[in-house]
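K.L.:
Would you mind keeping the following structure in view while I ask a few things?
The values are calculated or read from the model by the stated rules, or taken from the named source; none is laboratory data. Just so we're clear, the structure is a prediction, and the values are computed from it rather than from any experiment. Glycine gets a Cβ as well: all are built from the backbone with ideal geometry, and neighbour counts include every protein chain shown. For the accessible areas, the whole protein counts, side chains as well, though only heavy atoms, and no ligand, DNA or RNA atoms are used. Shrake-Rupley method; radii C 1.70, N 1.55, O 1.52, S 1.80 Å.
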Amino acid sequence: MKRRRMTEILIEGNPELADRLASEIRHHYPVRELAAPRQGLTMIKMRETAKQSLFYLGEVLVTEAKVEIGDHIGVGIVAGVREKLAGDLAVIDAACRAGLSETAGWTAMLEAEEIRLADRKRRELAALEKTKVQFDTMEE
Amino acid sequence: MKAEPQFAFLDEGSKKEIRRASLKAVAIPGYQVPFASREMPMARGWGTGGLQLTCSLVGKDDVLKVIDQGADESVNAVSIKKLVQATTGIPVTERTEEATLIQSRHRIPEVPLTKDQILVLQVPMPEPLRKYEKKESVTKRLHAESEYSGAWLMLFEQIMKYGRTTTGADHPVLVNGRYVMAPSPIPRFDNPKMDHSEALILLGAGREKKIYAVPPYTEIRSLAFEDHPFKGEDFSGKSCRFCGATGVFLDEFYIEETGMTEYQCNDTSHCADRLERQGEKEVQHATI
Amino acid sequence: MGYVAVKGGTEAIEASIDRLKYERLKGGEQVEVSAILSSMRLLIDQVMSEASLYSPELAALAIKQAEGSMEEAVFLLRAHRSTLPRLYYSETVEPERMAVERRISASFKDIPGGQLLGATHDYTHRLIDFSLLEEQEEERQQWLQQYEGELSALEDAAGDGTYPKVVEYLRNEGLFETFEPDNTEPDDVTKNVFQFPASRSERLQILTRGQTGAVTALGYASLRGYGQVHPTVGEVRVGYLPITVPAHGGEDGDDSYYIGSVRATEVESFVPMPTKGPDGKQELRFEIGYGICYGQNETKAIAMSILDQCLEHPESDAPSHDEEFVLLHVDTVESTGFISHLKMPHYVTFQSKLDSVRNTRKGRDGHES
Amino acid sequence: MQIDSVHDIQKVYRELLQCMARPGRIADIRESAAKADFVRECHPATFLVIQSVLDAEVTFHVLGDRSDAIRRKIADYTFAAHASAGEADYIIAPAGTFEQELLDAMRACKAGTLENPHQSATWIIESEALEGTAELKLSGPGIRDEADAPIALSEGLVSARNMKTQEFPTGIDLIFTDGDGRISCIPRTTAISAKEESAWVM
């Protein structure tokens, strides 16, 4: 699974999933902590719709962690103050970069969580839909 | 959720930028070098320009003195000292001679500074031409072209109206024959101390995002006309009611009980020093 | 006039800080940061927007520390920001990726995708609700359960939460100029010195972090006549922008890190502007003013869109079109700092002025009489 | 021992600032330079000066035939980007740079504009030992009367530099480093003149 999709599932989904995947790796491999989870900033680069140019919207507080498994460095970055999750994400990232065998078995779990997230989102959308102004024309 | 303590508050990247700007400022005396002023844990206008310079300069071996309007114990000076001390652990002093770094608002100490000291002045309004030209893009061009007739005209108009120039503090100076510069709101009395100063003088305006400098042994002339020469504030015939000093900048006090006006040294540490030498142990001084 | 010992300043400061703490605590009850976080959404939004730092947790903490003072809370976040390393830059956020919670257009009765009211105070009558005085936890839980119960009974909605932009619909009709995506790296006013004339990216960055009141006042001044922009709101949308960070050595967007999302309010204002047609005749064309800010703060985003459009037309001599006037006066930390510095002692400068004033009264010839 | 990125750099900067403020002054940064003994590509003093002013926000250019190695080292340590001599904020002339190359770059480099004189190149030049007898006299801001400058400057360099600084406030500022951990500066405001006994006259 590609990183963009996987990190979204792990960050938006139940953090227990990230914990479970990272624990599995920590259990089997030595994980070196290169940078303990720490706070920092990410500057948001944004496109505006008037002239289609780029500008900086502002910064977002993030928690970042870096670990190394073998020769492979893994990075965990998540908005907000979420030290445990950042550490877990770093381990998961390193495991994927290293192509560890455990990662092959993760797809089903991630996909199940993704389905749960999609359900939640659809309900959310339906609720918002109720605030939509209906302009139905009266026809005989 | 705690942040790592950082020596002298600023991160090293911020210090580098301030240092680059300071080096340029020294190389181009009197020119206001723009810099990306950082947000400090102190309000803009309360000395953040000076504080950023101090943080970019300070090292473990420094001894810091901070004064506000001449007083070491002014609440603003105390507040700045507290911040620098808390982030560096360096000693502070009230004795001008002991300090290696002196950050000041609106005064240059009475004791002549030496080549081993750096004076940092806090600047609220760094643009000397702003009084008659509101646009930054225009004042920048006027400086580029050495077009200072507006500054002269302002003084000339004062003479026409009042028979003399009526500038208070922050009387503009000409640096090394090239740039007209705001010396920061020091009284006119202090302007001559900048001329051929032994110490390097750095000026920082945090809100207006400018750093400028007067290197040592640099000519500083207060703008004036030949038939209306520049004059500092006049304290002739007056002396400090505590230490008896004359020829220093004095604060004026109205004494309720006697209905008299009395004077005392504005530079409180200079006064305390004199008193100590005169044998007074307990020094009392009014501060705000 | 009393005498104060030389150590007076230090002691007074300590006592003053104690007094401040006393003011915060003396009422007996304290609001927890978690309560601020869950109940002061719009206050947090405004603090984050003016601080230019998105962190609801830190904003809530700052609000508590600042006893609810907007300017102090923003100041705390700004100063804290100076102590944190900037670790990453995001990939370009494309605004149409916003997961929309609310979108309305004033330009059309109906818009493709529909007018979505979402959560807004706009249609509440501004009558003080005294029932909140007696609101009980049990009641609140009951209401929540019932509301969420109703939601789960709803049929699933179609779509993914994104909507087409009203402006794109009009661009397709040729009423607006179309622009190719301009990927010039933006300038950053927090890292580099900005000079006049400012770049478009610098203008937008300064406006989006401007003080809500200041941006609103200047936008309003333009509407009233101290400017020449009176727009129609093309679209206001509120929602979440997904943020991604490129991976080192990553190949494409799929390789990047998703890090979370930020809520923002985005506005496109439509302004008719005179232009020359192909045959040299004067005609009108719409231009767009752009506004955006962190959180839900529609007034600020709309006012920003007015000022953006004003600053695109410096040829007008109205103050809201003067970029130095607008950009140098909307930052809260700068304006409140300089206003508040007037509280500092100025007796040296006053003494100096006193000397000048007295001298002018001594005689007009420049000599003491 | 490792270079302390806070305290060593602060010390170097303070010396650099005092040198820029007092042209001709020779500062000794040997103590910090000794910690940069792992640097083979340039003088340790050069490396420290670079560390104290360069970062990702500025650009640099390296002259000489060993420029690739030095360039990599600087980029690795400071994240500054390399640029052409005409665009770079900092120009580094390592020991052994051919005079012709140096003079060409000096002609090409940024001198700022009348409105933005600070947008000019700063030079870091590796010099012969900064000690001994002075060949030149310096005068201008930062100098009481006249200063001796024990900096070995060729006639060509002095004249190229003077060409570049003749329209003050535009100009270039020079930082010199030597192999023994010494630094010195000549900012744009300094007038350089030959001692009377010198073979050449400006």
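K.L.:
Between residue C:102 and residues 5 or more places away or on another chain, which pairs have amide H atoms under 5 Å apart, with H built 1.01 Å from N, and which residues are they?
P.N.:
Close amide H contacts, sequence-distant or interchain: C:238.
K.L.:
Counting only DSSP beta bridges with both residues in the stretch D:7-189, what percent are antiparallel, rounded to the nearest 5?
P.N.:
Working: 10 of 24 bridges.
Rounded to the nearest five, the antiparallel share is 40 percent.
K.L.:
Right, here's the next one. Tell me, which cysteines of chain D are without a disulfide-compatible partner by the Cβ under 4.7 Å rule?
P.N.:
D:42, D:109
K.L.:
Compute the accessible area per residue over chain D, keeping the other protein chains in place, probe 1.4 Å, unit Å². Mind showing how you got there, number by number?
P.N.:
Details: 8380 Å² over 202 residues.
Each residue of chain D exposes 41 Å² on average to a 1.4 Å probe.
K.L.:
Expressed as a rounded percentage, what relative contact order does chain D have, with Cα pairs under 8 Å and six or more residues apart?
P.N.:
Numbers: 413 pairs, mean separation 50.0, N = 202.
Across chain D, relative contact order equals 25 percent.
K.L.:
Now for a separate question. Going through the cross-link list A:2/A:121; D:11/D:164; B:81/B:140; B:238/C:362; B:210/C:191; C:21/C:191, which pairs have a Cα-Cα distance over 24 Å in this structure?
P.N.:
Values: A:2/A:121 21 Å; D:11/D:164 30 Å; B:81/B:140 34 Å; B:238/C:362 18 Å; B:210/C:191 14 Å; C:21/C:191 35 Å.
From the list (A:2/A:121; D:11/D:164; B:81/B:140; B:238/C:362; B:210/C:191; C:21/C:191), the Cα-Cα distance tops 24 Å for D:11/D:164; B:81/B:140; C:21/C:191.
K.L.:
To the nearest 10 degrees, how steep is helix A:15-28 against the longest Cα principal axis of chain A, on a 0 to 90 scale?
P.N.:
Tilt of helix A:15-28: around 20 degrees.
K.L.:
Another question about this same structure. Taking a ≥ b ≥ c as the square roots of the eigenvalues of the Cα gyration tensor of chain C, is the shape rounded (a/c under 1.5), prolate (a/b larger than b/c) or oblate? List each step's numbers first, then the result.
P.N.:
Values: a/c = 1.94, a/b = 1.25, b/c = 1.55.
Cα axes put chain C in the oblate bin.
K.L.:
Divide by every residue of the protein assembly as shown the summed helix terms, -39500 (n - 2.57) for each DSSP H run of at least 4, and state the resulting mean residue ellipticity at 222 nm, rounded to the nearest 500 deg cm²/dmol.
P.N.:
On the way: 30 runs with 349 residues, N = 999.
Taking each H run of at least 4 residues, the total per residue is -11000 deg cm²/dmol.
K.L.:
Please work out whether the stretch C:10-81 counts as rounded, prolate or oblate from its C-alpha gyration tensor, where a ≥ b ≥ c are the square roots of the eigenvalues and a/c under 1.5 means rounded, while otherwise a/b larger than b/c means prolate and anything else oblate?
P.N.:
Details: a/c = 2.96, a/b = 1.45, b/c = 2.04.
In terms of gyration-tensor shape, oblate.
K.L.:
Ok, one more. Which order do peptides D:83-89, C:23-29 fall in by mean Cβ count within 10 Å, highest first? Could you put the intermediate results ahead of the total?
P.N.:
On the way: D:83-89: 16.9, C:23-29: 8.1.
The most tightly packed comes first, giving D:83-89, C:23-29.
K.L.:
Amide H neighbours of residue C:89 under 5 Å, at least 5 residues apart or on other chains, H built in the peptide plane: list them.
P.N.:
Under 5 Å from the amide H of residue C:89 lie the amide H atoms of A:43, each far enough along the sequence or on another chain.
K.L.:
What average number of partner chain Cβ atoms lie no more than 10 Å from the Cβ of the residues making up C:328-341? Before the final figure, lay out the partial values.
P.N.:
Numbers: counts 4, 0, 0, 3, 1, 7, 10, 3, 3, 10, 9, 3, 4, 11.
Going residue by residue through C:328-341 and averaging, the value is 5.
K.L.:
Another question, if that's okay. Which residue, B:22, B:14, B:197, tops the fluctuation ranking in a GNM of chain B built on C-alpha contacts under 10 Å?
P.N.:
For chain B, modelled as a Gaussian network with Cα springs under 10 Å, the answer is B:14.
K.L.:
In addition: Of the candidates B:17, B:145, B:127, which one comes out as most mobile in a Gaussian network treatment of chain B with C-alpha springs shorter than 10 Å?
P.N.:
Judging by the Gaussian network model, the answer is B:145.
K.L.:
Over what distance in Å are the Cα centres of the stretch B:55-97 and the stretch C:287-347 separated?
P.N.:
So the two Cα centres are separated by 35 Å.
K.L.:
Which value, in square angstrom to the nearest 100, describes the accessible area buried between chains D and B on both sides, using a 1.4 angstrom probe? Mind showing how you got there, number by number?
P.N.:
Values: alone 10200 and 14740 Å², together 21520 Å².
It comes to approximately 3400 Å² buried between D and B.
K.L.:
To test your reading of the geometry: what angle, between 0 and 90 degrees and rounded to tens, separates the Cα axis of helix D:155-165 from the longest principal axis of chain D?
P.N.:
Approximately 90 degrees, to the nearest 10.
K.L.:
Within 10 Å of each Cβ of C:71-84, how many other protein chain Cβ atoms are there on average?
P.N.:
5
K.L.:
Relative to the longest principal Cα axis of chain D, at what angle does helix D:44-53 sit, 0 to 90 degrees, rounded to 10?
P.N.:
Roughly 90 degrees between the two axes.
K.L.:
Where nothing but the Cβ of Lys and Arg (+1) and of Asp and Glu (-1) is charged, how large is the charge dipole of the protein assembly as shown around its Cα centre, in debye to the nearest 20? Please list the in-between numbers first.
P.N.:
Numbers: 114 positive and 158 negative charges, 414 e Å.
Dipole about the Cα centre, nearest 20: 1980 debye.
K.L.:
Just the number, please: carbon plus sulfur as a percent of the accessible area of the protein assembly as shown, 1.4 Å probe, no ligands or DNA/RNA counted.
P.N.:
Values: 23030 of 44270 Å².
Heavy-atom surface of the protein assembly as shown belonging to carbon and sulfur, 1.4 Å probe: 52 percent.
K.L.:
Could I ask something else about it? Starting at the first residue of the stretch A:85-96, write each ³J(HN,Hα) from the Karplus equation 6.51 cos²θ - 1.76 cosθ + 1.60 with θ = phi - 60°, in whole Hz, x for Gly and Pro.
P.N.:
Going residue by residue, I get 5, 4, x, 5, 4, 5, 5, 5, 5, 4, 4, 5 Hz, with x marking Gly and Pro.
K.L.:
Between A and C, buried accessible area summed over both sides at probe 1.4 Å, in Å² to the nearest 100? Each step should come with its number before you reach the end.
P.N.:
Numbers: alone 9920 and 25110 Å², together 28590 Å².
In total, this chain pair buries about 6400 Å².
K.L.:
Determine Rg/Rh for chain B; Rg is computed over alpha-carbon atoms and Rh is the Kirkwood hydrodynamic estimate from the same atoms. Please report the intermediate quantities before stating the final value.
P.N.:
Values: Rg = 19.5 Å, Rh = 19.9 Å.
A ratio of 0.98.
K.L.:
With a 1.4 Å probe and every protein chain left in place, tell me how much accessible area residue C:19 has, in Å² to the nearest 10.
P.N.:
Solvent-accessible area, nearest 10 Å²: 140 Å².
K.L.:
What shape does the protein assembly as shown take by its C-alpha gyration tensor, where a ≥ b ≥ c are the square roots of the eigenvalues and a/c under 1.5 counts as rounded, a/b above b/c as prolate, and the rest as oblate?
P.N.:
Numbers: a/c = 1.71, a/b = 1.42, b/c = 1.20.
Judged from the Cα gyration tensor, the protein assembly as shown comes out prolate (a/c at least 1.5, a/b above b/c).
K.L.:
Moving on to the next point. If you count the DSSP beta bridges with both ends in the protein assembly as shown, what percent of them are antiparallel, to the nearest 5? It would help to have the intermediate numbers written out before the result.
P.N.:
Working: 90 of 126 bridges.
Looking only at bridges with both residues in the protein assembly as shown, the antiparallel portion is about 70 percent.
K.L.:
Could you tell me which GluC sites (Glu not before Pro) in the stretch B:196-282 are loop residues by DSSP with no more than 12 other beta carbons within 10 angstrom of their beta carbon? Write out the running numbers ahead of the final one.
P.N.:
On the way: sites: B:198, B:208, B:219, B:226, B:233, B:252, B:256, B:257, B:262, B:276, B:280, B:282; in loops: B:198, B:208, B:219, B:226, B:233, B:256, B:257, B:280, B:282.
Sparse-neighbourhood loop GluC sites (Glu not before Pro): B:226, B:256, B:257, B:282.
K.L.:
Here's something else I'd like to know. Can you spot the lysines whose alpha carbon is less than 17 Å from residue C:109's alpha carbon? Ignore those fewer than 8 places along the same chain.
P.N.:
The reachable lysines, counting only those whose Cα sits under 17 Å from residue C:109, are A:132, C:165.
K.L.:
Which of D:36, D:111, D:56 ends up with the largest GNM mean-square fluctuation for chain D, with Cα atoms connected below 10 Å?
P.N.:
So, out of D:36, D:111, D:56, the one fluctuating most is D:56.
K.L.:
Please report the antiparallel percentage of DSSP beta bridges with both residues in the stretch B:86-220, rounded to the nearest 5. All intermediate terms of the calculation are to be shown ahead of the outcome.
P.N.:
Working: 9 of 18 bridges.
Counting DSSP beta bridges with both partners in the stretch B:86-220, the antiparallel share is about 50 percent.
K.L.:
What's the average, rounded to a whole number, of partner chain beta-carbon atoms within 10 Å of each residue's beta-carbon in C:192-198? It would help to have the intermediate numbers written out before the result.
P.N.:
Working: counts 5, 11, 3, 7, 5, 1, 1.
Counting Cβ atoms of other protein chains within 10 Å of each residue's Cβ and averaging gives 5.
K.L.:
Loop-only check: which chymotrypsin sites (Phe, Trp or Tyr not before Pro) in the stretch B:108-201 are DSSP coil with at most 14 other Cβ within 10 angstrom?
P.N.:
B:132
K.L.:
Check residue B:210: other-chain or 5+ apart residues with amide H under 5 Å from its amide H, H built from backbone geometry?
P.N.:
It is B:35, B:205, by chain and number.
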